Amino acid sequence: MLLRPADTRDLDALTRLEQHFPSDRLSRARFRYLLRHGRADVRVCEHEDGVIGNAVVLYRRGTTIARLYSFVVRPDYQRRGIARLLLQAVEAEAGVRGCREMRLEVRPDNAAAIRFYLKTGFSLAGRIESFYEDGTEALKMNKRLVAAEKFSALSPPPPHPASGAPCTTL
């Protein structure tokens, strides 16, 4: 297995993975934008079968909060530790960028995802009514991140995008 930053050659695989969501799927155009221009970290997990999982984290300038925007592992590869590896990779990247917290939204009927997030240190932080396009509310979850120094030896800082490094407050 290989964890790596996604690029535009992964667009087909990324949009196929999105089909595993019941609603609010990211489009090919949205992925293209995030890969080329967005303040985002898009990571993929690649195996012999191709891309089997991805994580998308968004960053905003002037804040130390990262947002886990999309996170999916192909169903036939779930419960093998892939989600944990992907999450650790994007948390490490967020830490290197100076983020101190990661937030996410999850459907309340996605019990497996909620259990996973709770096991990996996220806590419930509230609800957002009518969050999803089908009118379903979202549960808000957040997690404090380990200091960036802990990751600097494991993964060098990424090249800073031309628009400036989001989350960097160091």
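Which percent of the Cα-Cα distances in the range 10-65 go past 18 Å?
Looking at the range 10-65, the distances longer than 18 Å represent 35 percent of pairs.
Could you list which residues have their amide H under 5 Å from that of SER70, counting only those 5 or more apart in sequence or on another chain, with H placed in the peptide plane?
VAL56
Just check the range 66-115 against the gyration tensor rule for me: Cα atoms, a ≥ b ≥ c as the square roots of the eigenvalues, rounded for a/c under 1.5, and otherwise prolate or oblate depending on whether a/b exceeds b/c.
oblate
Suppose every K and R has +1 on its Cβ and every D and E has -1 on its Cβ; what is the size of the dipole of the range 19-155 about the Cα centre, in Debye to the nearest 20?
420 debye
I want the local charge near ARG9. Using Cβ-Cβ distances under 14 Å, sum +1 for each Lys or Arg and -1 for each Asp or Glu among the other residues.
Net charge in that neighbourhood comes out at +1.
What share of the DSSP beta bridges in the range 1-126 is antiparallel, in percent to the nearest 5?
Antiparallel: roughly 85 percent of the beta bridges in the range 1-126.
For the range 1-133, with every protein chain kept in place, what is the accessible area per residue (1.4 Å probe, Å²)?
Averaged over the residues of the range 1-133, the accessible area is 54 Å².
Ranking request for peptides 51-57, 26-32: highest mean number of other beta-carbon atoms within 10 Å first, then the rest in descending order.
51-57, 26-32
When only Cα pairs under 8 Å and 6 or more residues apart are kept, what is the percent relative contact order across the range 42-151?
Relative contact order comes out at 23 percent.
Working from the pairwise distances between different alpha carbons, so that the mean of 1/r is found and then inverted, what is the range 1-149's Kirkwood radius in Å?
15.6 Å
The values are calculated or read from the model by the stated rules, or taken from the named source; none is laboratory data. Computed from a predicted model, the values in this text were never measured in an experiment. Quick reminder, even Gly has a Cβ in these numbers, built from the backbone with ideal geometry, and neighbours come from all protein chains shown. Protein only, heavy atoms only, side chains kept; ligands, DNA and RNA dropped before computing areas. Shrake-Rupley method; radii C 1.70, N 1.55, O 1.52, S 1.80 Å.
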